[in-house]
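Asker: Got a structure for you, written out below as structure tokens; questions coming shortly.
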Amino acid sequence: MPATPSQAAASAPHILSVTELTRSVRELVEGTIGEVWVEGEISNLRKQASGHQYFTLKDDRCQLPCVLFFRPGLRHATVPLTEGMCVHVRGLLTVYEARGQYQLNVQLVQAAGAGLLAAKFEALKRKLADEGLFAAARKRPLPRFPKAIGIVTSPTGAAIADMLNILHRRAPWIQILINPVRVQGAGAGAEIAAAIEEFNSGALPPVEVLVVARGGGSAEDLWEFNEEGVARAIFASKIPVVSAVGHEIDFTMADFVADLRAPTPSAAAELVAPDSEALARRFEQLRSTLERCAREVVRNGQSQLAYLQRSPFFREPQARVQELAQQIDDTAEQLARLIADRVAEQRRRLEAARSSLREHRPDQLLRIRRQELGGLRERLLRGGSQRLDALRGRLEHAGNLLRVLGPQSTLARGYSITRTESGQIVRSKAQAVPGAALRTQVADGEIRSRVEE
């Protein structure tokens with residue numbers, strides 16, 4: 001029988017959206033697993049401008065997407081990440097909902113295995129760089145045509161065979177001195193450093209350039225060339241050093257300190273030894289150029305000689321000499337005339353100066369100035385006396401006027417001057433109020449009175 005609508009609704013499945021399902025998986029993963037420690041090798045490392053780092057943590061069978069978010073305090077709790085390093089990471093296993101993939105949000109990174117070597121390498125690299133062992137200013141150029149080359153490497157490796165083959169082919173005249181050492185294993189670094197020092201000590205025949213070489217290998221195989229003793233021996237070397245360790249992608253501490261890094265031992269042989277065939281071709285080019293230049297010089301000389309032979313000097317040398325002698329005579333006459341004119345001019349100027357000196361003799365001018373000064377003195381004295389007499393006359397006249405017109409003369413004629421007690425002259429009867437004290441000045445004294453009405 002067909003199901004009823006209520007039965008159909010009860011049997012219908014619960015349908016989730018993709019977001020709902022992904023979020024449920026995320027909650028399940030975070031709640032069930034949460035924070036974990038994982039060991040693996042870093043690959044596909046990507047560093048963003050924001051500071052976030054994305055990488056894949058893998059082993060020989062599986063891989064795990066990881067993200068290390070940038071936080072200001074986190075950089076001090078982690079080691080610098082590099083491609084291929086082996087690490088221990090701690091983080092929260094979660095699901096990135098936008099892509100529906102699970103990933104590890106890393107909170108802490110610690111070096112493990114090869115990662116310890118990488119951390120040790122970076123620490124030593126920073127130390128030596130701070131001391132100036134990598135400075136470009138101290139790098140020395142290699143000799144272009146060395147007569148003797150020293151090689152520090154293993155005598156049984158493939159690297160030395162390739163180098164000898166290339167050196168003999170390119171420059172068979174170069175003397176090669178090999179100081180054999182171990183290039184791998186405990187103590188190999190000390191042997192390499194001792195070999196470099198031995199070349200510089202003078203115990204071995206002198207060489208003009210050193211090559212420290214080894215074939216390719218893993219980071220552990222090449223580690224002896226990262227030893228601090230090797231780096232300092234290269235730095236102290238008085239002989240220019242070429243580092244040729246591993247393949248082109250391999251870098252060791254010796255590469256940073258050496259005067260020149262070669263990507264491979266074979267490339268080092270090509271760098272230190274000039275190509276004899278190329279030199280022969282270059283010599284042939286120079287010989288051809290020199291012959292061409294010599295022919296050009298001879299041809300130009302011949303052209304100049306032919307021109308000179310056609311010139312009047314070579315056809316009539318006596319006439320040319322006579323012409324030059326006549327020019328010399330003309331020049332001498334012109335020079336004599338110029339000298340005579342110059343002497344006459346100087347004489348005229350001297351005579352004019354002598355006449356001017358006679359007209360302006362100092363003794364005559366002094367006598368004239370003294371006469372003028374005497375006249376001025378007499379005029380000054382005469383004028384002063386006259387001025388003084390005039391002033392005396394004016395003073396006497398003023399005295400006479402003062403005696404005639406002064407208050408004392410007026411008082412002598414019977415007049416008087418009345419003042420108030422405060423000394424003001426009484427000019428109106430309004431100033432003489434009843435009871436006011438007055439002082440009246442007459443010719444022979446003063447009269448005090450008081451106003452009654």
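Asker: If residue 166 satisfies all but one of (1) out of contact with any strand residue (DSSP E or B) (no Cβ under 7 Å at 6 or more places or on another chain); (2) over 23 Å from residue 247 (Cβ atoms); (3) touching a residue at least 60 places away in the same chain (Cβ under 8 Å); (4) in the same structural domain as residue 251 (by TED's automatic domain parsing), what's the number of the condition it fails?
Answerer: The one condition residue 166 does not meet is (2).
Asker: Return a yes/no flag: does the stretch 31-48 have any residue that is in contact with a His (Cβ under 7 Å, 6 or more places away or on another chain), surrounded by 12 or more Cβ atoms within 10 Å (Cβ to Cβ) and either of a type in the set (D, E, K, R) or assigned to a strand (DSSP E or B) (or both). Write out each step before concluding.
Answerer: Of the stretch 31-48, the ones in contact with a His (Cβ under 7 Å, 6 or more places away or on another chain) are 37, 39.
Among the residues that remain, those that are also surrounded by 12 or more Cβ atoms within 10 Å (Cβ to Cβ) are: 39.
If we keep only those that are either of a type in the set (D, E, K, R) or assigned to a strand (DSSP E or B) (or both) too, we end up with 39.
Yes: the stretch 31-48 contains one or more residues that are in contact with a His (Cβ under 7 Å, 6 or more places away or on another chain), surrounded by 12 or more Cβ atoms within 10 Å (Cβ to Cβ) and either of a type in the set (D, E, K, R) or assigned to a strand (DSSP E or B) (or both).
Asker: Does at least one position in the stretch 123-132 carry a residue that is without any contact (Cβ under 8 Å) to a residue 60 or more places away in the chain and under 30 Å from residue 37 (Cα atoms)?
Answerer: Scanning the stretch 123-132 turns up at least one residue that is without any contact (Cβ under 8 Å) to a residue 60 or more places away in the chain and under 30 Å from residue 37 (Cα atoms).
Asker: Hey, any hits in the stretch 55-78 for a residue that's hydroxyl-bearing (Ser, Thr, Tyr) and out of contact with any strand residue (DSSP E or B) (no Cβ under 6 Å at 6 or more places or on another chain)?
Answerer: The answer is no; no qualifying residue exists.
Asker: Then there is this: Keeping to the stretch 387-426, report how many residues are of a type in the set (Asp, Glu) and under 21 Å from residue 438 (Cα atoms).
Answerer: Residues flagged as of a type in the set (Asp, Glu) and under 21 Å from residue 438 (Cα atoms) within the stretch 387-426 amount to 1.
Asker: Also, quick follow-up: Just to be sure I understand, how many residues within the stretch 405-444 are part of a loop (DSSP other than H, G, I, E, B) and hydroxyl-bearing (Ser, Thr, Tyr)?
Answerer: Step one: list which residues in the stretch 405-444 are part of a loop (DSSP other than H, G, I, E, B), which gives 406, 413-416, 421-424, 426-428, 432-436, 443-444.
Pick out the ones that are also hydroxyl-bearing (Ser, Thr, Tyr) and you get 415-416, 422, 428.
Total meeting the criteria: 4.
Asker: Considering 280, 203, which residue is surrounded by fewer than 16 Cβ atoms within 10 Å (Cβ to Cβ), assigned to a helix (DSSP H, G or I), out of contact with any Asp or Glu (no Cβ under 8 Å at 6 or more places or on another chain) and modelled with pLDDT under 90?
Answerer: Answer to the check: 280.
Asker: Another question, if that's okay. Between 239, 249, which is in a loop (DSSP other than H, G, I, E, B), over 25 Å from residue 120 (Cβ atoms) and among the hydrophobic types (A, V, I, L, M, F, W, C)?
Answerer: The conditions single out 239.
Asker: Shifting gears a bit: For residue 129, all conditions in the list (1) more than 33 Å from the chain's Cα centre (by Cα); (2) not in a loop (DSSP other than H, G, I, E, B); (3) not assigned by TED's automatic domain parsing to the domain that holds residue 59 hold save one; what is the number of the exception?
Answerer: It fails just one condition, (1).
Asker: With the structure loaded, tell me whether residue 239 is in the same structural domain as residue 130 (by TED's automatic domain parsing) and farther than 28 Å from residue 199 by Cβ or whether it fails that test.
Answerer: For residue 239, the condition - in the same structural domain as residue 130 (by TED's automatic domain parsing) and farther than 28 Å from residue 199 by Cβ - is not met.
The values are calculated or read from the model by the stated rules, or taken from the named source; none is laboratory data. These numbers come from a predicted model, not from an experiment. When we count neighbours, we look across all protein chains shown, and the Cβ atoms used for this are built from the backbone with ideal geometry, even at glycine.
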